[in-house]
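Enquirer: Before I ask anything, let me first share the structure, which is written out below as structure tokens.
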Amino acid sequence: MVTFAVLPGNRFTTGVEPIAEFQDCADIWNERPPGCSPLSTFAAAEVSDQLKHKHIKENDLTDRLIAIGDIHGCCKALSVLLGTIAPTPNDTVVTLGDYIDRGPDTRGVLDQLIELRKHCRLVSILGNHEELMLAARGGESDLESWLRCGGDTALDSYGNGRTIGLIPREHFEFVESCLEYFETETHFFVHANYRPNFRLEEENGLTRRWKPIDENECTAPHYSGKIAVLGHTPQPEILDLGHLICIDTGCCDGGWLTAMDVISGQVWQVDQHGNPRSTSAGSVRVGL
Ligand SMILES: [Mn+2]
């Protein structure tokens, strides 16, 4: 793999100004009540109740263990990526969440993931955008929160009218089936972040799905010694700190959709138009 250092000041940016809805989503995080979910109390309680106990711990009885970063409606990118990887029933594919919103075709992405379940062992983690989608059924203010975070483009992919009733039940069932996190003997997979001294099963949804990684609060290794595999915080290149790997490389924002076999280190990257990256392996940042 190619490695290179990134100068301070270029950390955790994709090199372009955040698009408006990305900023809105960051605002929801920044303006949340202390210790509370960004969602209304009612919706947050309902969502977390639905998701309680949804996690899996398994041995590495798999040919490949492939993580896929934030897809965000980039249907074409996902299609080309999966065509290249060609998952088999012996592979485990862990999608890290944020399948929906922002990009052009949320509907197409969810259709592909539902189909993918037939071809490999698919482990889908819940992202903060899916949390917003589930909560949007609870009332106007939570629907507004979702629409401000890219839910508008998600709904538009289902047709005219921008109402939640356009979304097929099968798609909601897929999102409801997503896991809080997934762990193997060597790695754990969660959408956004973790606290180093917390047991994974005791972590809260705010940290799991919303808390960015940033240069002011570098996340230490998890006490379990397992490697964290994360999405959520867009990186200019894959970030690999040894104990933490972030593979959200901003596909819907001019970057790449990244897949990584965390056992072999093999990387696949495709842009949102479906163009594979010209190098066989993506660049990796190895330090903050
Ligand atoms: Mn996210």
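None of the figures in this text is laboratory data; all of them are computed from the coordinates on show. What you see is a predicted model; the values in this text were computed from it and never measured. FYI the Cβ positions are ideal-geometry reconstructions off the backbone, even for glycines, and counts take in every protein chain you see.
Enquirer: What number, in percent, do you get for the relative contact order of region 146-288 if the mean sequence gap of Cα pairs under 8 Å and at least 6 apart is divided by its residue count?
Expert: After rounding, I find 14 percent.
Enquirer: Separate question: Would you order E115, E176 from fewest to most other beta-carbon atoms within 10 Å of each residue's own beta-carbon?
Expert: With the fewest neighbours first, E115, E176 line up as E115, E176.
Enquirer: Please arrange W268, W146 by counting, for each residue, the other beta carbons lying within 10 Å of its beta carbon, fewest first.
Expert: Taking fewest neighbouring Cβ atoms as first place, the list is W268, W146.
Enquirer: Across all directions of projection, what mean area in square nanometres is found for the Cα convex hull of region 165-220?
Expert: If you wrap the Cα atoms of region 165-220 in a convex hull and average its projections, you get 5.6 nm².
Enquirer: Is there a quick way to get the dipole size of region 104-197? I mean about its Cα centre, with the Cβ of Lys and Arg at +1 and of Asp and Glu at -1; what is the value in debye to the nearest 20?
Expert: Dipole size: approximately 120 debye.
Enquirer: Hey, another quick one. Could you please rank S264, S124, placing first whichever residue has the fewest other Cβ atoms within 10 Å of its Cβ?
Expert: Going from sparsest to densest Cβ surroundings: S264, S124.
Enquirer: Only residues of region 216-260 count here: report those whose backbone N is under 17 Å from the spot 7 Å along Cα→Cβ of R199, or say none.
Expert: Counting backbone N atoms under 17 Å from the label point, the list is 222-226.
Enquirer: Could you tell me what % of all Cα pairs in region 92-199 have separations over 23 Å? Walk me through the numbers on the way to the answer.
Expert: Values: 1694 of 5778 pairs.
Everything past 23 Å amounts to 29 percent.
Enquirer: Follow-up question, since we're still on this one. Sorting check: for 218-225, 80-87, which peptide has the highest mean count of neighbouring beta carbons within 10 Å, and how do the rest follow?
Expert: Going by the mean number of other Cβ atoms within 10 Å, highest first, we get 80-87, 218-225.
Enquirer: Here is a follow-up. Can you tell me the Rg and the Dmax, both Å, for the Cα atoms in region 162-288?
Expert: Values for region 162-288 (Cα only, Rg and Dmax): 15.9, 45 Å.
Enquirer: So for region 177-288: antiparallel DSSP bridges make up what percent, rounded to the nearest 5?
Expert: 55
Enquirer: Cα extents of region 151-196 along the three principal axes, largest first, in whole Å?
Expert: Cα extents, longest axis first: 45, 19, 13 Å.
Enquirer: Determine the sum of side-chain charges near L96: Lys and Arg each +1, Asp and Glu each -1, restricted to other residues whose C-beta is under 9 angstrom from that of L96. Let's see the in-between values first.
Expert: On the way: positive: none; negative: D70, D98, D248.
Around L96, the charge tally is -3.
Enquirer: Another question, then. May I ask for the distance between the Cα centers of region 119-151 and region 179-240, given as a whole number of Å?
Expert: About 19 Å separates the Cα centre of region 119-151 from the one of region 179-240.
Enquirer: Using 0.36 nm per residue of separation minus the Cα-Cα distance, give me the extension gain between S141 and E115 in nm, one decimal.
Expert: 6.1 nm
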